[in-house]
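Novice: Take a look at this one; I'll ask things after.
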Amino acid sequence: MRASNAVKALTLAVSVAWIAGCSSPSTLSEDDSSMGGSATGSSSNTYGTGDASGVSGMGTDGNLDVANLKTVFYFDFDDSTVRADSVADLEAHAQYLASHPSASIRLEGHADERGTREYNMALGERRAKAIERFLAVNGVSGAQVETISYGEEKPVVLGSGDGSWSQNRRVELKYVSR
Amino acid sequence: MRIRSYILPVVLALLVHICVVLLLVPHWFQQKQDPRQTPRHIQATMIDLKSLATEVANQQQIAEAKEEAAQKQAEQARQAAELEKQEQAEQARQAQEAERKQQAEAQAQKKKLEEQKRQEAQKKLEEQKAKEAQQKKEAEQKKAEQEKAKAKELEDARIKKEKADAAAAEAEKKQLAEEAKKKAAEKQKQEAAQKAAEAEKLKAAEAAKKKAEADKQRKAEEAKRKEAERVAAEKAAAEAKQKAELEKRRQAALEKNKQTVADFSSYVVSEISRRWIRPATARNGMQATALVVLFPSGEIDSVEIVQSSGDLGFDRSAENAVYKVGRFSRASEIDPVLFDRNLRRIKVIFRPEGLRY
Amino acid sequence: MKKWFISAFLMMMAVTARADLVVEVTQGVDAPTPIAVVPFQATGLALNEDIAQIVSDDLGRSGFFKPMNRSNMLGTPSTEEQVFFRDWRVSGNDYMVIGRVAPAANGQVQASVELYDVLKERKVWSETVTGNSNNLRDVAHYISDQVFEKLTGLKGAFSTRIVYVTAKMNTPGNFTYKLQMADSDGARPRTILQSKEPILSPAWSQDGSKLAYVSFESSRPAIYVQELATGQRQKVQTFRGLNGSPAWSPDGSRLALVLSKDGNPEVYILTLATGQLDRVTHHYGIDTEPTWAPDGQSILFTSDRAGLPQIYSLNLPTRELKRLTYEGKYNSRGRLTQDGRFLTMVHQDGSGFHIAVQDLKTNRLDILTSSSLDESPTIAPNGSIIMYATKKGGKGVLAGVSLDGRVRFTMPNGDGDVREPAWSPYLQ
């Protein structure tokens with residue numbers, strides 16, 4: 001429908017112009033690149049560029065910022081320590097949650113298929129709780145976080161081998177309310 | 001004439017005799033010879049004891065010859081050993097002497113060194129003495145003058161002593177005379193005592209002679225007795241040797257039997273082991289005993305668990321193992337007497353080793 | 001007369017005074033006992049089950065017997081007169097089973113079975129079993145139990161059931177989970193519970209009447225107790241955090257379970273009648289997967305308090321803690337045999353996760369499987385077989401191994417990935 005496309009393009013151009021007036025040049029370019037992409041909103045599997053400056057919390061339209069963040073955090077085998085590559089995005093989530101007390105999340109912990117099921121339930125919970133503690137340290141209230149473990153029961157990748165296993169050892173961060 | 005009254009009895013008598021003969025005839029002519037069955041396991045052979053004796057004697061000679069040979073070998077060995085010992089002793093001596101020489105030389109050297117030291121010391125001493133001598137001469141001159149004065153005093157004292165000594169000498173002479181008289185009296189007493197003692201000695205000597213003669217007789221009799229005993233002992237020894245020979249033969253036979261029994265035992269164990277399926281319920285420490293009775297052919301007469309392991313599967317596996325052998329064929333090769341006495345009934349103890357649990 | 005008797009007696013004594021030879025056999029072959037289960041004769045009947053084949057498979061799976069291959073049988077006798085024991089002995093069998101199936105009153109079916117000792121050429125057992133055409137499998141399992149018991153002295157476990165979980169992926173991240181029950185050989189499966197959310201840790205009560213399991217159907221993990229006869233179930237009190245690993249006490253009055261409400265996974269004991277909860281472990285590490293000892297006096301559980309998971313035993317009256325596993329860096333999910341002597345577990349070594357057995361009498365550890373993704377061992381009530389979950393060709397399947405590791409088998413394929421088997425106790 002060419003008409004609706006034209007309307008969309010107009011509104012985008014207007015909002016671009018409006019934001020350009022408030023933000024620094026770097027944010028403008030970033031917004032450009034992300035908005036020029038997919039039509040739908042948050043794709044939870046995008047990987048952050050590691051450039052945190054774009055999410056300095058100043059933007060009032062925070063939903064879009066959080067939508068760009070990682071929501072899946074991976075772990076090493078039989079380990080529940082938060083990895084370095086998770087820290088930046090977690091801090092960003094923490095800042096958002098701290099500034100939006102009505103927002104709440106659910107942390108879902110998982111393990112890979114190796115070992116016994118109930119022990120893996122406990123491992124999944126440990127990982128979820130590690131993320132929860134990290135967020136708490138960064139100012140998130142406990143009431144905003146719910147944790148649950150699925151152990152090895154809900155893998156994202158079926159099959160065996162380090163490739164599959166490393167993708168299943170994860171905690172998924174899901175917004176229950178924003 | 002009552003001949004008529006005799007006819008009937010005569011006829012009857014004849015009839016009786018004919019009947020008897022008729023009855024006996026078939027028995028005489030149809031008697032079969034029952035075949036004589038010799039029981040299988042009695043295999044008797046006549047043994048001539050005289051020949052045994054000569055055999056025994058032969059074997060004795062062989063044994064003695066062997067012993068002599070053994071003894072010669074032993075002596076040779078001993079001599080060789082002694083030679084070796086002597087050589088070793090000489091070597092040791094030589095070694096010792098060498099050591100002594102070394103030690104002597106060492107000591108000699110030491111002594112030389114010491115003498116040198118002494119000589120040097122003496123020289124030093126002599127020098128010192130020379131100095132001292134001069135000093136002494138001067139001292140002696142002084143002393144000589146003093147001594148002259150003392151000498152005069154000493155002579156005066158001496159004269160006085162001589163007079164006193166003369167008087168003492170006379171007193172001593174009187175004492176000696178009295179002592180001589182005493183000694184003479186004592187000598188007389190001693191001679192009398194000696195005579196008495198000699199008389200007693202003669203009596204004692206006579207008594208001793210008599211005793212000696214009696215002892216000799218006793219010894220002669222004892223000697224005779226001992227001779228008689230020795231002869232008897234030699235006879236007994238000879239008989240004992242014969243018995244010992246027989247014993248050796250018997251023992252050899254027993255050894256052979258033992259060996260047969262041992263061989264059969266390991267045969268039985270290997271036959272059963274090859275066929276024993278140890279069940280899944282078998283555990284270390286389990287044990288069952290089966291009593292197996294065999295026929296002389298080696299076939300199984302019966303198998304029975306006489307001591308259970310407490311596990312049904314284990315007991316069954318033990319019985320099955322024996323049944324699977326079927327026939328212990330080597331039994332038929334064994335002397336039937338030995339088999340019957342020692343090998344017919346076998347207690348098989350199943351005691352598994354090396355199980356996982 | 002007296003003298004005559006005495007002398008005769010003495011003579012007899014002399015005659016029987018033989019020495020018994022004594023020998024000792026210590027070595028043999030460690031193998032299952034060979035048995036032939038001859039196909040049953042079915043006179044004028046078209047049966048939908050091959051009873052002799054079920055019996056043969058049962059006996060083989062137990063690890064105690066090696067059934068003869070049908071194709072090697074020279075004949076198929078069905079009565080004693082037709083049996084030439086020598087033939088069966090020569091073909092290597094210690095025992096054989098023959099049988100005849102005939103119609104009986106009320107549309108029922110009668111199976112006359114005989115068990116023979118081939119070596120002694122003697123009958124060991126015979127019986128006539130009556131059944132319906134739709135429960136011939138139960139008839140077959142009954143026969144297997146009898147044969148097993150007559151030859152080993154142990155109670156057969158062929159008429160028992162197993163419970164397990166299947167998971168089928170519909171779309172990525174979207175699964176259908178089922179809790180199913182089947183015969184001990186995997187036949188006749190039926191669904192007890194179906195859910196979109198995970199089901200795990202099914203556990204039989206000791207009397208075989210109830211199942212406890214964990215279900216996420218309420219969006220959080222919760223423990224349920226379900227009565228099998230009626231299908232009625234009850235959710236056990238749930239807490240924040242983990243609710244898992246239910247284990248029945250031998251007398252059925254209590255459940256050991258795992259809760260993380262106090263900060264980290266700990267083992268608790270719940271008295272079902274009163275709801276009273278007793279905390280049993282107090283350590284910041286993970287304590288999970290409890291199981292009761294057969295005498296009910298102690299609980300075994302998995303704990304990683306020493307770094308990686310190992311199995312510990314806690315004596316309930318004295319609260320004395322003892323570590324049981326020292327070999328290997330990862331030992332978890334322990335289960336005990338009914339006599340309390342053997343502990344089966346998941347053991348990790350350089351080549352993966354295997355099922356292992358530890359003899360608690362000697363602490364000897366034996367690894368029974370060579371596959372590398374094994375889990376969830378469960379033991380038959382007579383201790384003969386351990387069933388477990390593994391992966392074959394990328395798919396989850398159930399497999400079994402005998403306690404001594406001699407015999408292994410795989411269960412028939414299920415609907416999706418099969419996991420978490422739980423073996424029932426003896427059932428009436």
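Just so it is clear, none of the values below were taken in a lab; they were calculated from the coordinates. Small disclaimer: the values here were computed from a predicted structure and weren't measured. Here the Cβ positions follow ideal geometry from the backbone for every residue, glycine too, while neighbour counts run over all protein chains shown.
Novice: So what's the angle, to the nearest 10 degrees on a 0 to 90 scale, between helix B:312-325 and the longest Cα principal axis of chain B?
Specialist: Approximately 70 degrees, to the nearest 10.
Novice: Separation between the B:E333 and C:D262 pseudo-spin-labels, each 7 Å from Cα along Cα→Cβ, expressed in nm?
Specialist: Spacing of the two 7 Å Cα→Cβ label points: 7.7 nm.
Novice: Rounded to the nearest 5, what is the percent of antiparallel bridges among the DSSP beta bridges in chain C?
Specialist: Percent antiparallel among DSSP bridges in chain C is about 90.
Novice: Next question. Within the stretch C:2-152, how many lysine pairs that are 8 or more places apart, or on different chains, have C-alpha atoms less than 20 Å apart?
Specialist: Qualifying lysine pairs in the stretch C:2-152: 5.
Novice: Hey, what angle do you get for helix C:51-61 against the long axis of chain C, alpha-carbon based, 0 to 90 degrees rounded to 10?
Specialist: With rounding to tens, the tilt is 70 degrees.
Novice: Lysines near B:K85 by alpha-carbon distance under 30 Å, same-chain residues fewer than 8 away left out - which ones?
Specialist: Excluding near neighbours in sequence, the set is B:K66, B:K72, B:K101.
Novice: Then there is this: Mind listing the long-range amide H neighbours of C:L316? Cut-off is under 5 Å, sequence gap 5 or more, other chains count too, H placed in the peptide plane at 1.01 Å from N.
Specialist: Under 5 Å from the amide H of C:L316: C:S298, C:I299.
Novice: Per residue of B:277-289, what is the mean number of Cβ atoms on other protein chains within 10 angstrom of that residue's Cβ?
Specialist: 5
Novice: Which residue, B:E234, B:E222, B:E162, has the most motion in a Gaussian network model of chain B that connects Cα atoms within less than 10 Å?
Specialist: Judging by the Gaussian network model, the answer is B:E162.
Novice: Hey, another quick one. What whole number of Å gives the distance from the Cα centroid of the stretch B:100-162 to the Cα centroid of the stretch B:179-235?
Specialist: 68 Å
Novice: Sticking with this structure for a sec: Over all distinct alpha-carbon pairs, what is the Kirkwood Rh of the protein assembly as shown in angstrom?
Specialist: Computed over Cα pairs of the protein assembly as shown, the Kirkwood hydrodynamic radius comes out at 41.8 Å.
Novice: Right, another one. So which aspartates and glutamates can B:K142 reach, going by Cα to Cα under 19 Å and dropping same-chain residues fewer than 8 places off?
Specialist: B:E132, B:E153
Novice: So, in the stretch C:161-423, how many Lys pairs have Cα atoms under 27 Å apart, if the pair is 8 or more places apart or on different chains?
Specialist: Lysine pairs, 8 or more places apart or on different chains, close enough: 28.
Novice: Rounded to the nearest 500 deg cm²/dmol, what is the calculated helix-only ellipticity per residue at 222 nm for the protein assembly as shown, with -39500 (n - 2.57) per DSSP H run of length n ≥ 4? Mind showing how you got there, number by number?
Specialist: Details: 13 runs with 399 residues, N = 963.
So the helix-based figure for the protein assembly as shown works out to -15000 deg cm²/dmol.
Novice: On to the next question. Treat the count of other C-beta atoms within 10 Å as a stand-in for reagent exposure and order C:T26, C:T43 from fewest to most.
Specialist: Result, fewest neighbours first: C:T43, C:T26.
Novice: Could you compute the FRET efficiency for C:D415 and A:S160, with r as their C-beta to C-beta distance and R0 at 22 Å, rounded to 0.05?
Specialist: Details: r = 21 Å, r/R0 = 0.94.
Result of the calculation: an efficiency of 0.60.
Novice: Once you list every other residue whose beta carbon is under 12 Å from the beta carbon of C:Q53, what net charge do they have if Lys and Arg are +1 and Asp and Glu are -1? If you can, show how the numbers build up before the last one.
Specialist: Values: positive: C:R70, C:R137; negative: C:E49, C:D50, C:D57, C:D58, C:D185.
Around C:Q53, the surrounding residues sum to -3.
Novice: Which FRET efficiency, nearest 0.05, do B:A208 and B:A184 yield, Cβ-Cβ r, R0 41 Å?
Specialist: Taking R0 as 41 Å, the efficiency between B:A208 and B:A184 is 0.65.
Novice: Another one. Taking the Cα of B:L254, stepping 7 Å toward and past its beta carbon, and measuring to each backbone N in the stretch C:21-39: which are under 19 Å?
Specialist: From the stretch C:21-39, the list is C:21-22.
Novice: Label point 7 Å out from C:K150 along Cα-to-Cβ: which residues of the stretch C:55-99 have amide N under 13 Å?
Specialist: Residues C:80, C:95-99 fall inside that zone.
Novice: Could you please rank B:I3, C:I51, C:I379, placing first whichever residue has the fewest other Cβ atoms within 10 Å of its Cβ?
Specialist: On the way: B:I3 7, C:I51 26, C:I379 22.
Taking fewest neighbouring Cβ atoms as first place, the list is B:I3, C:I379, C:I51.
Novice: Could I ask something else about it? Between C:D262, C:D339, C:D30, which gets the highest mean-square fluctuation from a Gaussian network model of chain C, Cα cutoff 10 Å?
Specialist: Highest fluctuation of the listed residues: C:D30.
Novice: Using the Karplus equation 6.51 cos²θ - 1.76 cosθ + 1.60 (θ = phi - 60°), what ³J(HN,Hα) coupling, rounded to whole Hz, does each residue of the stretch C:336-353 give in order, writing x for Gly and Pro?
Specialist: Karplus values, whole Hz, x for Gly and Pro: 9, 6, 4, 8, x, 8, 10, 10, 9, 7, 9, 10, 9, 10, x, 9, x, 9.
Novice: Let me ask something else. I want to check the label-to-label distance for B:S297 and C:R188. Put each point 7 Å from Cα in the C-beta direction and report it in nm to one decimal.
Specialist: Rounded to a tenth, the inter-label distance reads 5.2 nm.
Novice: With each pseudo-label sitting 7 Å past Cα toward Cβ, what's the A:L10-C:Q234 distance in nm, one decimal?
Specialist: Going by the 7 Å Cα→Cβ label model, 6.8 nm.
Novice: Then there is this: Sequence neighbours fewer than 8 away in the same chain don't count; with that in mind, list the lysines whose C-alpha is under 23 Å from B:K124.
Specialist: Candidates past the 8-residue exclusion: B:K110, B:K111, B:K112, B:K136, B:K137.
Novice: What's the angle, to the nearest 10 degrees (0 to 90), between helix C:136-152's Cα axis and the longest principal axis of chain C?
Specialist: 70 degrees
Novice: Let me ask something else. Compare C:L321, C:L257, C:L179 in a GNM of chain C, Cα atoms joined below 10 Å, and give the one with the largest fluctuation.
Specialist: Sorting by GNM fluctuation, first place goes to C:L321.
Novice: Relative contact order, percent, of the stretch C:161-423 when contacts are C-alpha pairs under 8 Å separated by at least 6 residues? Walk me through the numbers before you get to the answer.
Specialist: Details: 691 pairs, mean separation 32.4, N = 263.
It rounds to 12 percent for the stretch C:161-423.
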